[in-house]
Amino acid sequence: MIAVRDMLIRGSEKVIAHYRLLLAHATTEKERELYPSRIEREQRLLDQLYGGLPGRIAA
């Protein structure tokens, strides 16, 4: 079960990094509004995943 959680954590970290890259290169106001909310949503999911692992520190 921990292997699956680790895979989900790595995936969420990659998604956040991708959204940050998209935000850095956003060309429209709509994109500049959209990506931060998606980053926040993904970060909440990542925090929940880290919360289920004792001894690990959330980034």
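Could you go through segment 22-28 in sequence order and give the Karplus-derived ³J(HN,Hα) for each residue, using 6.51 cos²θ - 1.76 cosθ + 1.60 with θ = phi - 60°, rounded to whole Hz, and x for Gly and Pro? So the J values, rounded to whole Hz, are 4, 5, 5, 10, 4, 10, 10. Residues 18, 25 in ascending order of nearby Cβ atoms (within 10 Å, fewest first): 25, 18. Using a simple spin-label model with pseudo-atoms 7 Å out from Cα toward Cβ, residue 1 and residue 37 lie 3.4 nm apart.
Placing R0 at 25 angstrom, the Cβ-Cβ distance between residue 21 and residue 48 gives a FRET efficiency of 0.60 after rounding to 0.05. By the helix-only formula, in which each DSSP H run with n ≥ 4 contributes -39500 (n - 2.57) and the sum is divided by residues, the chain has a 222 nm mean residue ellipticity of -27500 deg cm²/dmol.
Helix 29-51 and the longest principal axis of the C-alpha atoms of the chain enclose an angle of approximately 0°.
Values in this text are rule-based calculations from the coordinates and carry no lab data. Computed from a predicted model, the values in this text were never measured in an experiment. Here the Cβ is made from the backbone with ideal geometry for all residues, glycine too, and neighbour counts use every protein chain on show.
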